[in-house]
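Right, one structure below, let's go through it.
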Amino acid sequence: MATAEHSPLEQFEIQPILPITVGDLNLSFTNSSLWMVISVLLIYALVMLGSRHASMVPGRLQALLELSYEFIADMLGSTVGKDGRKYFPFVFTLFMFILFGNLLGMIPGSFTYTSHIIVTFSMAIFVVTAVTIIGIVRHGWHFFSFFAPSGCPIYVMPLLVPIEVLSYLIRPISLSVRLFVNMMAGHIMLKTFAGFIVALGGYYLVPAVAPLALTVGLTGLELAIAFLQAYVFTVLTCIYLHDAIHLH
Amino acid sequence: MAGEDEAPKFKDFDARMRRLRDEAGLSRDEPEPGAGSRPSIGGTGVQVGIELVAGVFGGALIGYGLDRWLDTWPIFFLVMFFLGAAAGMLNAYRHIRRLSNVPEERSKGR
């Protein structure tokens, strides 16, 4: 179909670069994997090059690295507290991976892996599982008192406990859907308005200026959202960590 | 050569910074978790809406899964649908509380 090629959804298509099949499993190296590898390499390069020549007055790379380090360290300190220091490597990795995914997705022609629900969902389910294990290891069976709000009458417990358990189980869904929806909607919007430039430019040059201006504005907005959503995902991870460590 | 020569200077620098901070009354203590202002969560209405939708969908999905497993369609689906909606509202409520930086008073009872 000719129209499908120009659909604003075309950018989300997974294309295998290196087809690999093991048994019934499709383990192909796709464009999604490619951009994940690129972002991991870039993060690795930033951390390694930024910390190689540590100097008193930081250079550009070192300043960028120190900025990201302090950003996450402050976030952990203010949300989780002193006990959160241990989980810094995990939270930092998570933040950088999402941030680089979002930002690299802004390069025209690239692939935004954070706009796929399965990617964000696997990250979210990993976070919630890890947090649950941390909670159980730290508190043992006492962790399950998390689901029973203390101080409420015993006869509402049969209703309250399932709701609390469900609200806990829903966390990975809302966490992943939030990131995925924001990235996907933003990219569709960008493509749609950019498509208007071509559609209108075919007739007259002048009306095409309006969607062009809007696309420029939207690009700025998307850059802001890329940062914001990486931040939101990380802050929520920190809040869940705090809940598991301190149990209210 | 940079690594070994710089290390003592850094230590000295840290000590001097600490002294200066203390003199200026800027000593940085670790903030109490939850006591200070939590970083606010960006995006307002949409974020809360996602919480509500995820509640209903998540509840229905879990209920459907339980029904498939235990062959009890549609009991769990119906129960979980409504419980999920309630859980979504609870999550949305907590989200708004966090947004407005109101500390949670869950343990005190209502």
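Got at least one residue in the stretch A:44-53 being of a type in the set (Gly, Ala, Ser), within 21 Å of residue A:119 (Cβ to Cβ) and assigned to a helix (DSSP H, G or I)?
No; the residues of the stretch A:44-53 include none that is of a type in the set (Gly, Ala, Ser), within 21 Å of residue A:119 (Cβ to Cβ) and assigned to a helix (DSSP H, G or I).
When the residues of the stretch B:72-89 are narrowed to those that are within 13 Å of residue B:58 (Cβ to Cβ) and free of Cβ contacts under 8 Å to residues at least 24 places away in the same chain, which ends up farthest from the chain's Cα centre (by Cα)?
B:77
When you scan the stretch B:75-88, how many residues do you find that are of a type in the set (A, V, I, L, M) and more than 9 Å from chain A (Cβ to nearest Cβ)?
Residues that pass the stated criteria total 3.
When you look at residue A:39, is it among the polar types (S, T, N, Q) and within 14 Å of chain B (Cβ to nearest Cβ), yes or no?
no
Taking the condition surrounded by 14 or more Cβ atoms within 10 Å (Cβ to Cβ), more than 14 Å from chain B (Cβ to nearest Cβ) and assigned to a helix (DSSP H, G or I), does residue A:111 pass?
no
Since residue A:57 meets every condition but one in (1) modelled with pLDDT of 90 or more; (2) of a type in the set (Val, Ile, Thr); (3) closer than 22 Å to residue B:16 by Cα, which condition does it not meet?
(1)
So, of the residues in the stretch A:9-50 that are of a type in the set (D, E, K, R) and under 30 Å from residue A:195 (Cα atoms), which turns out to be modelled with the lowest pLDDT?
Among residues in the stretch A:9-50 that are of a type in the set (D, E, K, R) and under 30 Å from residue A:195 (Cα atoms), the one modelled with the lowest pLDDT is A:10.
Among the residues in the stretch A:51-59, are any surrounded by 14 or more Cβ atoms within 10 Å (Cβ to Cβ) and in contact with a Gly (Cβ under 8 Å, 6 or more places away or on another chain)?
Within the stretch A:51-59, one or more residues are surrounded by 14 or more Cβ atoms within 10 Å (Cβ to Cβ) and in contact with a Gly (Cβ under 8 Å, 6 or more places away or on another chain).
Among the numbered criteria (1) in a helix (DSSP H, G or I); (2) without any contact (Cβ under 8 Å) to a residue 12 or more places away in the chain; (3) more than 24 Å from residue B:56 (Cβ to Cβ), which one does residue A:151 miss?
(1)
Please work out which residue is farthest from the other protein chains (Cβ to nearest Cβ), limiting yourself to the stretch A:60-87 and to residues that are in contact (Cβ under 8 Å) with a residue 40 or more places away in the chain and crowded, with 17+ Cβ neighbours inside 10 Å.
A:87
Could you check, for the stretch A:170-181, whether at least one of its residues is in a helix (DSSP H, G or I) and either touching a Gly at 6+ places or on another chain (Cβ under 7 Å) or more than 30 Å from residue A:103 (Cβ to Cβ) (or both)?
Yes, the stretch A:170-181 contains a residue that is in a helix (DSSP H, G or I) and either touching a Gly at 6+ places or on another chain (Cβ under 7 Å) or more than 30 Å from residue A:103 (Cβ to Cβ) (or both).
The values are calculated or read from the model by the stated rules, or taken from the named source; none is laboratory data. Remember, predicted model here, so these are calculated numbers, not experimental data. All Cβ positions, glycine included, derive from the backbone under ideal geometry; neighbour counts span all protein chains shown.
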